[in-house]
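Q: My structure is below; once you've seen it, I'll send some questions.
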Amino acid sequence: MFFLKKAENWFVWIFFPLALLLPLFLEQNEFYVNKLTSVVIFAMFVMSLDYLVGRCGMITLGHSMFYGLGGYLFIMIAPEYEAVNFWVYTFYICVIAALIALVVGVIVLRTSGIYMIMITLAIAQMCFYFFSDSVEFGGNDGLFIFTKPDTSLFGLSFFNLDDPMHFYYFCLLSLFNCLVFWKVVTGSRFGRIMEAVKDNPARTTALGYNVFLFRLISYCMASALAAYAGYLFALQYGYVNPSMMSWQTSGTALVMSILGGMGSLYGAILGTVVYEGLHYTFEHLTQHWLLLMGSMIIAMVMLFKSGLAGVIDNLVERRK
Amino acid sequence: MKKHTSLLTLASALIVSLAGWSAPTAAADKPIKVGVMLPFSGVYAALGDAGRNGMKLALEQHADKLHGRNIEFIEMDTEARPDRAPEIATSLMSQKKADFIIGPVHSGVAMGMLKVLRNKKPVVIIPNAGANAATGPWCAPNVFRTSFSAWQPSYPMGKAALDKGYKKVVTMSWNYGFGKESLAAFEESFKAGGGKVLKKIMVPFPKTEFQSYITDIASLKPDAVFVFFAGGGAVKFVKDYNAMGLSGKIPLLGSGFLTEGTLTAQGDAAEGVITGLHYADGLDNPANHAFRADYEKAFGKPADLYAVQGYDTGLLIAMAVDQLKGNISDQGKLIQTMESLTIPSPRGDFTFSRAHNPIQTIYLRTVENGENRVIGVAAEALEDPARGCKMK
Amino acid sequence: MSESPLSQSPSQLSQANLAEADDTSEAHAISEAHAASEAHARSESTVVLETEGLCKYWGGVKALDNMSLRFHERSLHGIVGPNGAGKSTLLNMLCGTYKPTAGRIIHNGDCINDIRPYDFARRGIGRGFQKTNIYPQVTCLENCCIAAQRRVGGSFNIFLPKNSSQLLEEMADQALAQVGLESRRDEIASHISYGEQRQLEIAMVLATAPSVLLLDEPMAGMGHEESQLIIELLKTLKKDYCIVLVEHDMDAVFELSDQLTVMVNGQHLITGSVEEVRDNSKVKEAYLGQGDEVI
Amino acid sequence: MDFAIFLVQLLNGLQYGLLLFLIASGLTLVFGVMGILNLAHGSMYMVGAYLVWYFFQLTDQFLLSALISAALALGLGVLIEKTLIHRLYKRNHLDQVLLTIGMIFVFNALQSILWGDDPLGVPVPELLSGSIHLTELVEYPVYRLFVAALCLLLAGALYLVINRTRIGMLIRAGESNREMVECLGVNINQLYTLVFGAGVMLAALAGVVAAPMISIVPGMGEHVLITCFVVVVIGGMGSIKGAFVAALLVGVVDTFASVLVPGVSSMIVYILMAVILLIKPEGLFSSQK
């Protein structure tokens, strides 16, 4: 129902069952589960960027700021040695991140194109240096989260954050929810106008829509979900570090998103999995994995016009 | 045609990435597994390389003492990225079932790694990262360090500066953990002896535009300058300091990393710089001479500090395995054995403190003709105070 | 929409009478059949949009200087002038893209100088652009849905599926029907012909239910037959809307306009019926002086 | 800060700014004329520094090594344009971003394979190795003054080329209207190849002249890339004049901020950029409308 395009449908029906079953074969191996978890978490982050860049036409190189903030906000607002409620703090973190995005967005959305890329980068770098130079937040070395939150809901606890398998399934569910959420948003009346804003802002203004407001709302939503992904990342190992906010993190996410097929949403998952998979393989193959990785990226960009999702789309369309 | 090539590329990309995920995890029990997590790309790559080489040299030299057990190395590139550290550490621990995990270079990576590995099965040996916390508040029975704490090379320099009659100094370093800890250790002894720090300059990491800071130092006219920089930053700083005409007028002191592995690149600019460190290339003892000759023969380039630390890491493993006759399955015994060892390092023998940090001599060195020459001992058998460590 | 003549100011009344006088003669020239009904409509017409001493300076350059115009309900007001006369500047200010340097824009009696650009459309001032300005990657229907959705509401609802409203689709269909594009309903906008794209653009403006249509050279770059289509379309539309038309095609403007304004170098030259303008010596001078366009 | 020190600091700032301009000019030129966002520009700077080090080891002649390196860089630029960039003009900016990020990876790997990871240094050429006394303590190395002068000279040369020659006219035309240049009957492909090659050469040249002042280390390209982008954006994408003014501004502001307000010195260039973009969202001298 949500996944109208055929290729998308295929992908969802292949990827999620596979991801559900995969850990059963890897159960003895904590590493794979952890690795998959971090890929799934990062895919959520990439997806929020994919929405912003591919569906709203707002290219940002500062999205990692919200990813990092997700982790740091938890450290800032939660007491150090007391388990807090996971759901409550998820809510807090998303709301605070959205509020920060509101303020940042008012500044950033005055510009567009390359200027927007740069101003988002500037703000993210300021944030990066704030945490990197800070004494109370562990500076460059980062900080540990000593007490993981408690996940009970109305007194019932469904899963345990310390169990990697539980955490993996929870993250996978979150990823699925994110995909559905973004599909709903893009399929809504709001999504229709957002698409129009992206394609032709001048025309959309002339039709009587407040373009700025549409952009701002999208920016806040994407930032909140990026913060959510960052929050999950921080919880996975109980560790936050300013490098989460570095521009390289944004850059990597952007590469994954373009690789997957900008704006296709499910391409974000595809891009993240393929990128991380290649990275992992090459890294174990040779010390000079950067050479293989770089060549692979160049080859893919030369050959695929709209990312991996575009290739799959073509395949599926042709079979029809 | 074009469609075909693109399809092929896609297919190969998918297959390669899938193959990566499903790599078999065959676990042979026989060899001793040594997981190495060092930076092999990026700014710290040279350090990671030297450390690995040193360790391999030691284990090859002592292969006969391993009681028939082979060593299997599993090397992982940390890229000096702290956010990847927990992932790689888990990989080595749970996926590869490493007995020893060696790493890292970067203190931030060390923190992320310790988060995962403290009080776990593998024995961690840190061959470089000097964050005080690793053998301070974050000390653990299974964590050893063969290098130094940030405190160690800098603390004696405060006294050394006073001995030379410097009363007013400017201190300077990159604004990150290790730099801050180095300056704090220097100040600790320097202020205790009545010295005065005119200004503490923290340069944003990894900025290397030092000219304005050096001009600032010139305007303050201190008796001496104490700095912490390493690698490329150290090269740039020493060159700038010389170029701005300050060397020879305001003496430059430093934590030893200022002139380690950087002297060729620094050239004449480094002449006369005084540093404190637990090692010097020209250290006159048989172990060092033998080590340097072997290293140069094996890898075709001169050994440096990072190679020594790697070498000692290898020694530590080899000696512990030897004493236990090849059976390292009992972690408690292994740790006990390691604690009791005296390592015959090229830097001179050292033992471990209660927090598993080396108790070692810090040498005072100066650069002469492009070499670090030892001019004295800054502190004999110096033990890190291990503040915050609850281990007995 | 229609106000009683009693509410009109004396000046407006005289303007209306003037228009009536102009119109009868002009209507003759166009089509006798419609003459009577149009004359009737005009006599009751009121001023919808008005400018008072409108100025726009870009630095020291006067793109538009002291422009006072009145645009009437159910009529087509043509604006002509040589290149750089300030026609597009005027249109851009009427729809809120540029803010005036001085002067006032009055819509239905309110000064709307300071409202937001998107509020112009909400007040019923719709505009078409000089270059084709549609959403090329979606269907014609969707183009009109985007335009009509503002009337239906729910544009900030991120959970309301976009295809849930029958009403919305009807509105879009109606707009397409008005310009005669029903048959292209489900085609991707970039796949239809250039002339149809211009029609689609007008349909999009119509879908916003405007009272004023600002059209910037809707016939530019068209062949004769395509132009004829648009002319017929505008003839129908001007029975219901106040249309401000900037156009280079003089034949079309003369054929369509109820009122005609000539601009030169940002200055107002003359406003009047087609005949008045055609016979005016200043106009001939201005155009011949420019040398690049001849009436 | 007394006046003499103030002047020295100003000199520091201007000299840093001029070097920044040399790197950034290529970036802004390529963007202005071709609309290509070259993230691998910093890698070109790195390549220049490594090349000159390599040839200096072989020849022991700085000038000769510098010339060889610049020529090789030009060749590299032309090669990259012909083989890769050329196919991407019709694609969007994001594909170019992806391509150039891939190129960063490749260049970093090649650097590590070919030249290793140790910090390297090139000595200052004999002729320029002296220094001038400025205050009783501070000397200023002649080489830095030479570099500053060279950058000024190149800035002047760029100005002349762009404003006085036919190629310059085409470049200016390309900045404001890309389609129009094609209408002029110019072989646009050749112009693009030339401009991209020149852009790469400018970056490499910056690496070459900076080599004796800096430490040549892995990753040096990325550090400089971000600062360069800041310069280019403050100046207005595509404007050489803007890049010149912005580079000097960034150099001076950064220099003084690091001494006067050390607390925010890590952020100062970003704050500067944010403020300027808020006042002028298109940068100081934007040529793109």
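Just so you know, all these numbers are worked out from the coordinates, no wet-lab data involved. Only a predicted model underlies this, so the values are computations on that prediction, with no experimental measurement involved. Here the Cβ is made from the backbone with ideal geometry for all residues, glycine too, and neighbour counts use every protein chain on show.
Q: In peptide D:221-232, how many Cβ atoms from other protein chains are near each Cβ within 10 Å, on average? Display every interim value, and only then the final one.
A: Details: counts 0, 6, 5, 1, 1, 6, 2, 0, 7, 4, 0, 2.
Averaged over the peptide's residues, the number is 3.
Q: Counting Lys and Arg as +1 and Asp and Glu as -1, each charge on the Cβ, what is the dipole of segment C:133-209 about the Cα centre in debye, to the nearest 20? Working shown, then result.
A: Details: 6 positive and 9 negative charges, 50 e Å.
Dipole about the Cα centre, nearest 20: 240 debye.
Q: Could I ask something else about it? Beyond 22 Å, how much of the Cα-Cα pair distribution for segment A:169-319 remains, as a whole percent?
A: Everything past 22 Å amounts to 54 percent.
Q: By how many degrees, 0 to 90 and rounded to 10, does the Cα axis of helix B:45-61 deviate from the longest principal axis of chain B?
A: 60
Q: Could you please state, rounded to a whole Å, how far the C-alpha centre of segment B:78-144 is from the C-alpha centre of segment A:286-320?
A: The distance from the Cα centre of segment B:78-144 to that of segment A:286-320 comes to 35 Å.
Q: Which one, B:Pro204, B:Thr351, B:Ser149, projects farthest toward the positive side of the charge dipole computed for chain B from Cβ point charges (K/R +1, D/E -1)?
A: Among B:Pro204, B:Thr351, B:Ser149, the one farthest towards the positive end of the dipole of chain B is B:Pro204.
Q: Per the Cauchy relation, a quarter of the hull surface: what is the mean projected area of the convex hull of the alpha carbons in segment C:133-209, in nm²? It would help to have the intermediate numbers written out before the result.
A: Numbers: hull surface 18.7 nm².
The orientation-averaged projected area of the Cα hull of segment C:133-209 comes to 4.7 nm².
Q: In angstroms, what radius of gyration and Dmax does chain D have, counting Cα atoms only?
A: 19.0, 62
Q: Over all residues in B:43-56, what is the mean tally of Cβ atoms on other chains that come within 10 Å of each residue's Cβ? Intermediate values should be presented prior to the final figure.
A: Details: counts 8, 4, 9, 7, 2, 2, 5, 2, 0, 1, 0, 0, 0, 0.
The shielding value for this peptide is 3.
Q: Mind checking which helices in chain A clear 18 Å along their axis (Cα) and have mean Kyte-Doolittle hydropathy of 1.0 or more, DSSP H runs only? Could the numbers behind the result be given before it?
A: Details: long enough: A:6-25 (29 Å, 1.33); A:30-50 (29 Å, 1.19); A:64-77 (19 Å, 1.53); A:86-108 (32 Å, 2.60); A:113-133 (30 Å, 1.45); A:164-186 (32 Å, 1.25); A:211-237 (40 Å, 1.34); A:247-260 (20 Å, 0.84); A:266-285 (29 Å, 0.45); A:289-303 (21 Å, 2.38); A:307-319 (19 Å, 0.15).
Long hydrophobic helices here: A:6-25, A:30-50, A:64-77, A:86-108, A:113-133, A:164-186, A:211-237, A:289-303.
Q: In whole Å, what three semi-axes, largest first, describe the equivalent ellipsoid of segment B:61-129 built from its Cα gyration tensor (square root of 5 times each eigenvalue)? Mind dumping the intermediate values first?
A: On the way: eigenvalues 105, 33, 23 Å².
One finds semi-axes of 23, 13, 11 Å for segment B:61-129.
Q: Next up: Ranking C:Arg150, D:Arg166, D:Arg87, C:Arg185 by Cβ neighbours within 10 Å, fewest first, what do you get?
A: Numbers: C:Arg150 19, D:Arg166 9, D:Arg87 13, C:Arg185 16.
Ranking C:Arg150, D:Arg166, D:Arg87, C:Arg185 by Cβ neighbours within 10 Å, fewest first, gives D:Arg166, D:Arg87, C:Arg185, C:Arg150.
Q: How large is ³J(HN,Hα), in whole Hz, for each residue of segment D:255-268 in order, when computed from phi with the Karplus curve 6.51 cos²θ - 1.76 cosθ + 1.60 and θ = phi - 60°, using x for Gly and Pro?
A: Per residue, the Karplus-derived 3J(HN,Hα) values read 4, 6, 5, 5, 9, 8, 10, x, x, 10, 5, 5, 9, 4 Hz.
Q: In whole Å, what is the distance between the alpha-carbon centres of segment D:60-100 and segment D:265-287?
A: One Cα centre to the other: 28 Å.
Q: Which of A:Ser152, A:Ser306 has the fewest other C-beta atoms within 10 Å, and how do the rest follow up to the most?
A: On the way: A:Ser152 14, A:Ser306 20.
So the ranking, lowest neighbour count to highest, is A:Ser152, A:Ser306.
Q: May I pose another question? Can you give the calculated 222 nm mean residue ellipticity of the protein assembly as shown, where each DSSP H run of n ≥ 4 adds -39,500 (n - 2.57) and the sum is split over every residue, rounded to the nearest 500 deg cm²/dmol? Spell out each step's value before the answer.
A: Working: 47 runs with 714 residues, N = 1296.
It lands at -18000 deg cm²/dmol.
Q: To continue, here is another question. Express as a percent, rounded to the nearest 5, the fraction of DSSP beta bridges in segment B:238-392 (both residues included) that run antiparallel.
A: Around 85 percent antiparallel, to the nearest 5.
Q: Over 18 Å between Cα atoms, which of C:Lys87/C:Lys235; B:Lys180/B:Lys239; B:Lys115/B:Lys180; B:Lys96/B:Lys120; B:Lys200/B:Lys221 qualify?
A: Working: C:Lys87/C:Lys235 21 Å; B:Lys180/B:Lys239 22 Å; B:Lys115/B:Lys180 22 Å; B:Lys96/B:Lys120 14 Å; B:Lys200/B:Lys221 14 Å.
Violating the 18 Å limit, Cα to Cα: C:Lys87/C:Lys235; B:Lys180/B:Lys239; B:Lys115/B:Lys180.
Q: Just for the Cα atoms in segment A:256-320, what are the lengths along the principal axes, largest first, rounded to whole Å?
A: 43, 20, 19
Q: Expressed as a whole percent, how much of the Cα-Cα distance distribution for segment B:243-381 exceeds 23 Å? Before the final figure, lay out the partial values.
A: Details: 4088 of 9591 pairs.
Value for segment B:243-381 (Cα pairs over 23 Å): 43 percent.
Q: Within the P(r) computed for the protein assembly as shown, what percentage of the Cα pairs occupies the region above 54 Å? Walk me through the numbers on the way to the answer.
A: Values: 266635 of 839160 pairs.
Above the 54 Å cut-off, the protein assembly as shown has 32 percent of its Cα pairs.
Q: Separate question: Rounded to the nearest 10 degrees, what's the angle between the helix B:177-192 long axis and the longest principal axis of chain B, both from Cα atoms, 0 to 90?
A: Relative to chain B, helix B:177-192 is tipped by roughly 40 degrees.
Q: Quick one: compute the contact order of chain B, relative version, from alpha carbon pairs under 8 angstrom and 6+ residues apart, as a percent. Walk me through the numbers before you get to the answer.
A: Details: 820 pairs, mean separation 71.0, N = 392.
About 18 percent, as a whole number.
Q: If you rank D:Cys151, C:Cys140 by fewest surrounding Cβ atoms within 10 Å, what's the result? Mind showing how you got there, number by number?
A: Working: D:Cys151 25, C:Cys140 30.
With the fewest neighbours first, D:Cys151, C:Cys140 line up as D:Cys151, C:Cys140.
Q: Could you calculate the FRET efficiency of B:Arg69 with D:Leu127 from 1/(1 + (r/R0)^6), where r is the beta carbon distance between them and R0 is 51 Å, rounded to 0.05? Before the final figure, lay out the partial values.
A: Details: r = 61 Å, r/R0 = 1.19.
The value I calculate is 0.25.
Q: Also: Let me spell out the model: positive unit charges on the Cβ of Lys and Arg, negative unit charges on the Cβ of Asp and Glu, origin at the Cα centre of the protein assembly as shown. What dipole size does that give, in debye rounded to 20? Show your work: numbers first, answer last.
A: Working: 96 positive and 111 negative charges, 442 e Å.
Taking the Cα centre of the protein assembly as shown as origin, the dipole is about 2120 debye.
Q: Moving to a separate point now. What translational D, rounded to a whole number of µm²/s, comes out for chain B from Stokes-Einstein when the hydrodynamic radius is the Kirkwood one over Cα pairs, at 20 °C and 1.002 mPa s?
A: Working: Rh = 21.8 Å.
Approximately 98 µm²/s, per Stokes-Einstein.
Q: Taking N as the number of residues in chain A, what is its Cα Rg relative to 2.2 N^0.38 Å? Let's see the in-between values first.
A: Working: Rg = 19.5 Å, N = 320, 2.2 N^0.38 = 19.7 Å.
Against the empirical 2.2 N^0.38 Å value, I get 0.99 for chain A.
Q: Can you list the residues, at least 5 places off or on another chain, whose amide H is less than 5 Å from the amide H of D:Leu284, using H built in the peptide plane?
A: D:Gly235, D:Gly236
Q: Which listed residue (A:Val273, A:Gly68, A:Val53) has the Cα farthest towards the positive end of the charge dipole for chain A, taking +1 on Lys and Arg C-beta and -1 on Asp and Glu C-beta about the Cα centre?
A: The residue sitting farthest along the positive end of the dipole is A:Val53.
Q: Using alpha carbons only, how many angstrom separate the centre of segment A:154-199 from the centre of segment C:189-257?
A: Taking the Cα centre of each part, segment A:154-199 and segment C:189-257 sit 46 Å apart.
Q: Can you give the mean number of other chain Cβ atoms that lie within 10 Å of the Cβ atoms in peptide A:193-202?
A: Values: counts 7, 2, 6, 9, 1, 1, 6, 7, 0, 4.
Mean partner shielding for this stretch: 4.
Q: Taking only the alpha carbons of segment D:37-158, what extent do you get along each of the three principal axes, in Å, biggest first?
A: Rounded to whole Å, the extents work out to 58, 34, 25 Å.
Q: Enumerate by residue number the trypsin sites (Lys or Arg not before Pro) in segment B:154-205 meeting two conditions: DSSP loop (anything except H, G, I, E, B), and at most 15 other Cβ atoms within 10 Å of the site's Cβ.
A: Numbers: sites: B:Lys159, B:Lys164, B:Lys167, B:Lys168, B:Lys180, B:Lys191, B:Lys196, B:Lys199, B:Lys200; in loops: B:Lys164, B:Lys167.
Qualifying residues, ordered by number: B:Lys164, B:Lys167.
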